């Protein structure tokens with residue numbers, strides 16, 4: 001049964017600057033063990049799930065029939081469920097409403113979205129979800145476990161927010177209508193002061209939740225991949241392709257309790273190659289060229305195993321074929337599944 005959500009007033013404090021944002025960090029070592037390329041694979045291997053838009057504008061999840069229609073040019077967002085399976089947030093094609101796909105049903109939120117934007121979903125502590133999206137009023141909204149309502153923060157049209165569970169609540173990163181990277185949620189509401197490239201969106205993860213840590217990756221207006229958060233704040237020096245956005249994934253804590261991250265991005269070289277950083281997440285000069293091309297104006301999605309940082313996969317739309325590909329430690333190759341132009345897959349660790 002579909003029901004309209006209860007609208008509540010969400011109070012977000014405005015602060016001048018974020019809590020303990022870092023501008024340096026200790027680099028780490030890196031060793032890569034990439035799976036041998038295979039021209040015919042079925043998925044990223046055990047422990048991962050993927051959602052994407054098919055060439056027929058249908059929402060697809062690996063191993064499930066593509067049923068629901070999705071707005072052309074938009075991309076789904078997937079999150080794992082503790083009991084198995086995944087929830088997927090997407091924009092429906094008919095009325096630009098935000099929808100949720102669960103293992104048992106489709107749910108219409110009746111919340112209108114900016115037609116050129118995509119939602120983001122995160123699993124909340126203790127169960128449940130929270131979604132962030134750009135409304136058709138071009139204002140940032142959230143809906144889910146902690147309530148539904150506008151944050152009264154204007155977004156750049158055509159861009160999409162990123163949400164991550166942080167502590168008992170959440171954090172959202174987004175491109176404000178002033179063009180800068182902004183944050184809202186657990187750490188308050190603030191302007192980072194860093195300008196983002198047009199037609200791009202940030203990626204966000206929570207880090208070391210005991211002190212409300214977070215890290216965002218984004219394409220700066222200078223064209224480079226930048227990172228911003230409690231772990232590091234810097235220009236990585238790696239150039240990104242225009243109209244593309246990075247993806248970031250947390251690595252499980254090491255023996256010292258330190259959590260790091262990896263980033264996947266569409267480089268600005270002549271071959272539109274997929275690049276991936278090492279465990280330092282671009283804090284040091286450890287990114288590498290995978291040698292595989294991405295379709296123009298598309299972005300990759302990366303996920304790291306929830307149990308070991310040495311197992312990870314990247315999903316992307318391939319150059320030339322516009323099919324769903326994977327690159328990583330378990331599977332590298334072509335699934336043969338055609339994707340809609342200018343859309344991105346979403347991968348999660350289960």
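The values are calculated or read from the model by the stated rules, or taken from the named source; none is laboratory data. Predicted, not measured: the structure shown is a model, and the values here were computed from it. Here the Cβ positions follow ideal geometry from the backbone for every residue, glycine too, while neighbour counts run over all protein chains shown.
Tabulated data
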quantity: Filtered residues of segment 281-294 (kept if more than 12 Å from residue 327 (Cα to Cα) and within 18 Å of the chain's Cα centre (by Cα)); calculated: 281, 282
quantity: Test for residue 96: is it surrounded by fewer than 16 Cβ atoms within 10 Å (Cβ to Cβ), in contact with a strand residue (DSSP E or B) (Cβ under 8 Å, 6 or more places away or on another chain) and without any contact (Cβ under 8 Å) to a residue 60 or more places away in the chain; calculated: no
quantity: Where residue 269 falls short, out of the listed (1) at pLDDT 95 or above; (2) surrounded by fewer than 18 Cβ atoms within 10 Å (Cβ to Cβ); (3) within 20 Å of residue 235 (Cα to Cα); calculated: (1)
quantity: Selected residue [under 23 Å from residue 170 (Cα atoms), surrounded by fewer than 23 Cβ atoms within 10 Å (Cβ to Cβ) and within 19 Å of the chain's Cα centre (by Cα)] from 47, 85; calculated: 85
quantity: Scan of segment 196-222 for residues that are farther than 20 Å from residue 165 by Cα and either at pLDDT below 95 or within 19 Å of the chain's Cα centre (by Cα) (or both), ordered by number; calculated: 196, 197, 198, 199, 200, 219, 220
quantity: Residue within segment 250-257 that is more than 26 Å from residue 130 (Cβ to Cβ) and touching a residue at least 12 places away in the same chain (Cβ under 8 Å) present; calculated: yes
quantity: Those residues of segment 231-280 which are part of a strand (DSSP E or B), more than 19 Å from residue 328 (Cβ to Cβ) and under 18 Å from the mean Cα position of the chain (by Cα), in sequence order; calculated: 240
quantity: Hey, residue 156 over 21 Å from residue 281 (Cβ atoms) and surrounded by fewer than 24 Cβ atoms within 10 Å (Cβ to Cβ) or not; calculated: yes
quantity: Looking only at segment 161-186, and only at residues there that are within 17 Å of residue 220 (Cβ to Cβ) and under 16 Å from the mean Cα position of the chain (by Cα), the one that is surrounded by the most Cβ atoms within 10 Å (Cβ to Cβ); calculated: 174
quantity: Given (1) at positive phi; (2) at pLDDT 95 or above; (3) crowded, with 21+ Cβ neighbours inside 10 Å, index of the condition residue 281 fails; calculated: (2)
